[in-house]
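The values are calculated or read from the model by the stated rules, or taken from the named source; none is laboratory data. From a predicted model like this one, the values you see are computed outputs, not experimental measurements. Glycine also receives a Cβ, built like all others from the backbone with ideal geometry; neighbour counts cover every protein chain displayed. Remember, those area values only see protein heavy atoms, side chains included, never the ligands or the DNA or RNA. Shrake-Rupley method; radii C 1.70, N 1.55, O 1.52, S 1.80 Å.
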Amino acid sequence: MAETTLAHLLTLLAAVALAGGDDAAAAQPSADPAGGAAEDDAADEEAAPVYEAVVVGEPADPTPALEDNRATSTVSREELDRRAARSAPDALRDEAGVFVQQTAHGQGSAFIRGLTGQQTLILFDGIRLNNSTFRQGPNQYFFTLDSQTLERIEVQRGGGSTRWGSDALGGVILAHPVTPAPLTDGDGRAFSFAPRLLSRLTTADREYGGRLEGQATLGDDLAFFGGAGLRRVGRLESGGLLRGLDGEPALVPRFATDGRTQRGTGFDELTADAQLAWRLSAHHRLRAASFLYRQLDAPRTDQCPAPFAPRDECLTYEEQFRTLAYLAWEATHLGAWAKTARATLSWQRQHERRRLRRPSAFTAHLGRDDVDTFGLAFAAESRAFRPADAVRLRLSWGGDLYLDRLASAAWILFTDLDFVERRSRGQYLDGSRYTTGGLFLELGAELGPRLTLRAGGRGGRASAAAPSDPASGSRAIDAGWWPWSGTLGLSWRALDALELLTNVDRSFRAPNLDDLTSRQQTGPGFQFENPLLEPEQALTLEVGARTHGIVRLELWAFVTRLDGAVGKSPREITDCPPDTPQCATAWTRFQLVNAEGAALVRGLEGMLSLTLPLELALRATGTTTWGEGPNLAERPSDPTVPYRRRVPLSRVPPTHGTVELLWGGPAGLSAAAALRWGLAQDRLAVSDRSDARIPPGGTPGFAVLDLRLGYRLDSALVATVVLENLFDAAYRYHGSSVNGPGRGATAWLALGW
């Protein structure tokens, strides 16, 4: 009933925006572009907007964008080309406040302000990638965005649930795809076509592959953009064996006989996409899009093999597929309450097929999970209202609704008998359902030329339903929550070149089907479900300062209080659920629980950009994060056993940063020397100490130097060569199973228009 009511409310809101009443009639632009309402629109554009918008081909742009008065950063298409990023996560390694972990060579998870996985939100063209099976820790799903199809990636650090909904506790990643060129009155050509070829080669993992894409336009109103790509990635060669802070070697990964090539790495990948944009009128555009990602035979490095397991055991994601199709309606100048508006109707399928090979036991454990997500989202921004000469108000409003349907199954293959036995349940409970959605409203107020206020709120609903499975002791679930969130911000331009900012944000994450129903092997050990979990809530206070001009400096300090934070609590073998042999044979066992006390995450983030003589520029970032929360392990009955009431939070990144010196030469030439560094991390949670991804005693610090050489001839030719890890350091980003690449080279080429 709640889901139906929410859908009706969204429909009603869209109808109100389209109707617009008397205000809408007054706001319609005249046929004469120089008269009437068009002048009002031009005046509105001259004033500084409350929110950042990227203007592409229209006076106003309905494309989703992050708020400008928050802690944000953007990686442009030019930066993606210049860095020759291996993946979408890899493209964020140089951004302040972001730390990228890799459990496997074909995976990548971004930590934002110490949080990752289901505690950060990923959106693609404004559509949620997060679904009800996102894990408590790092996951692989951001990797399923092909970096070659992206126009830019935006990152907001800090809570974002008011605008974007559940999961945005640590931050938001908003990926924008390359889209068909803006449809404007053209040059009279009936048809045009522009092809483009992209390719990349690397030496560290012997990657080779490429992408062929093209754009076509038919008249002034119809445009197409699409392409297909493939790549084959071999085993990754590192700088050699890594030792923990205790001096003992890391348990994973295992190495080939050369002592450098990492076993459990390598994968194949196929991608394809197609978009059709149709300009319905001067202020309405319809876009249909489909994106396919297919990853094959990607080992999970920390389980290929697992520590102390036979060398021939391996957990492999045989199929990691994602399919997204959506219809987006974008409009401008609908009325006073909807100067820009955007609605999307989407369907997404996440498909996984896993195989754990255990030849010595003559068995293979097989699993398959499919999540179908149906989404509806609407967002609009009003025109500026001026109740007084020095006051300018603008409203952003909208809502969203996402429905998940989950299919899950598992089998045991007895290889010596050629016999397959189906388990009573899969990693999840087959037939489970999940719903999340809400309505939001934000008000931006400019009070004179130097002061901007922002306030907003969101009300929503999340519900989970799953059938029981008596054979495995899995209970039925029928739970629902009514979470709310809010945000309040202030921006003051103290000087022409200095801006001071502060924000208070309350965000939430409702328990999902992974929390409530899953049984799976994680880094620290085997994890089983807890159907009694409650939502997590994050309250963040941040203060920041920005300078503008030749020297661009941005500093942020933040503190986040997590109430009901979900974490792993150790369990005994007697706590294992029935019919779950992986739990009984695991070295350690955990169950997710809500912490009884508050957890705290605090830190500092900084970015410096400095223009120098001789076409030189300096860019540097630095981040330090500290996290602590209640000890989720039970106090030992023996009082002589050490016990701490509060302990470090799991996998919090160490202090880290980057320094890059760039040179932009004549005729499109460029060069850069880039240093990536991280300090040692020895503040480990209880679960971290049993996690093979973290070397004994903690992860050592590192410093890695890269050289980048580039050439750009407009968009017709882009070439980049990256000489990576010049000193062949053996290093690892904290929490990763994979060591970083050893000394090697990457070549990136884009040819076409």
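For the reader, a short list of remarks on this structure follows.
- For residue 736, nonlocal amide neighbours, meaning residues 5 or more places apart or on other chains whose placed amide H falls under 5 Å from its own, are 102.
- Between 402, 96, 717, the Cα set farthest toward the positive side of the dipole of the chain (charges on each charged residue's Cβ, about the Cα centre) is that of 96.
- Protection proxy ranking, highest mean first, for peptides 517-523, 218-224: 517-523, 218-224, where packing is the per-residue count of other beta-carbon atoms within 10 Å, averaged.
- Look at (i) 112, 69, 52; (ii) 80, 62, 52; (iii) 95, 66, 66: the one that is Cα extents along the principal axes in Å derived from this structure is (ii).
- Gap separating the Cα centres of segment 661-732 and segment 396-463, nearest whole Å: 33
- Table column - 3J(HN,Hα) (Hz), segment 289-298, Karplus curve with 6.51, -1.76, 1.60, x for Gly and Pro: 9, 9, 10, 10, 10, 10, 10, 10, 6, 9
- Residues residue 206 and residue 575, FRET efficiency given R0 of 51 Å [Cβ-Cβ distance, rounded to 0.05]: 0.70
- Spin-label model distance (nm) - residue 494 vs residue 559, 7 Å beyond Cα toward Cβ: 2.0
- The chain, dipole about Cα centre (Lys/Arg Cβ +1, Asp/Glu Cβ -1), debye to the nearest 20: 1860
- The peptide list 663-676, 565-578, put in order of mean Cβ contacts within 10 Å with the highest first, becomes 565-578, 663-676.
- Span from the segment 126-184 Cα centroid across to the segment 324-378 one, whole angstrom: 12
- 3J(HN,Hα) along segment 516-521: 8, 9, 7, 10, 7, 8 Hz, from the Karplus curve 6.51 cos²θ - 1.76 cosθ + 1.60 with θ = phi - 60°, whole Hz, x for Gly and Pro.
- Of the residues 236, 153, 348, the one whose Cα sits farthest toward the positive end of the charge dipole of the chain, with +1 on the Cβ of Lys and Arg and -1 on the Cβ of Asp and Glu, is 236.
- Excluding ligands, DNA and RNA, the accessible surface per residue across the chain is 39 Å² with a 1.4 Å probe.
- Amide N proximity, segment 545-578 versus residue 600 label position 7 Å along Cα-to-Cβ, cut-off under 13 Å: 558-562
- Nitroxide proxy distance, nm - points 7 Å out along Cα→Cβ at residue 424 and residue 349: 3.0
- Rounded to the nearest 20 debye, the dipole magnitude of segment 474-549 is 60 debye, with +1 charges on Lys and Arg beta carbons, -1 on Asp and Glu beta carbons, and the Cα centre as origin.
- Rounded to the nearest 10 degrees, the angle from helix 37-46 to the longest Cα principal axis of the chain is 50 degrees.
- With 0.36 nm allotted per residue and the present C-alpha distance subtracted, the residue 280-residue 728 stretch has 155.7 nm of extension available.
- Residue among 129, 633, 73 farthest towards the positive dipole end of the chain, charges placed on Cβ: 633
- Here the 3J(HN,Hα) profile of segment 522-538, calculated from phi with Karplus coefficients 6.51, -1.76 and 1.60 at θ = phi - 60°, is 10, x, x, x, 7, 10, 10, 6, 9, x, 9, 5, 10, x, 8, 10, 10 Hz, Gly and Pro shown as x.
- Computed from label points 7 Å out along Cα-Cβ, the spacing between residue 270 and residue 450 is 6.1 nm.
- Inverse mean reciprocal Cα-Cα distance (Kirkwood Rh) of segment 190-335, Å: 18.9
- Rounded to the nearest 10 Å², the accessible area of residue 643 at probe 1.4 Å: 60
- Segment 90-224 shape via C-alpha gyration tensor axes, a/c threshold 1.5: oblate
- Amide H contacts of residue 68 (H built 1.01 Å from N, under 5 Å, at least 5 apart or other chain): 52
- Applying 0.36 nm per residue to the separation of residue 675 and residue 551 and subtracting their alpha-carbon distance, the gain on full extension is 42.6 nm.
- Highest-first arrangement of 367-375, 416-424, where packing means the average Cβ count within 10 Å: 367-375, 416-424
- A straight chain from residue 386 to residue 230 at 0.36 nm per residue would run longer than the Cα-Cα distance by 50.9 nm.
- Just the protein heavy atoms count here, and of the accessible area of the chain at 1.4 Å, carbon and sulfur take up 61 percent.
- Residues listed by number, segment 362-376, amide nitrogen under 18 Å from residue 520 label point at 7 Å toward C-beta: 365-373
- About the centre of its Cα atoms, segment 269-410 shows a dipole size close to 520 debye [charges on the beta carbon of Lys, Arg (+1) and Asp, Glu (-1) only; nearest 20 debye].
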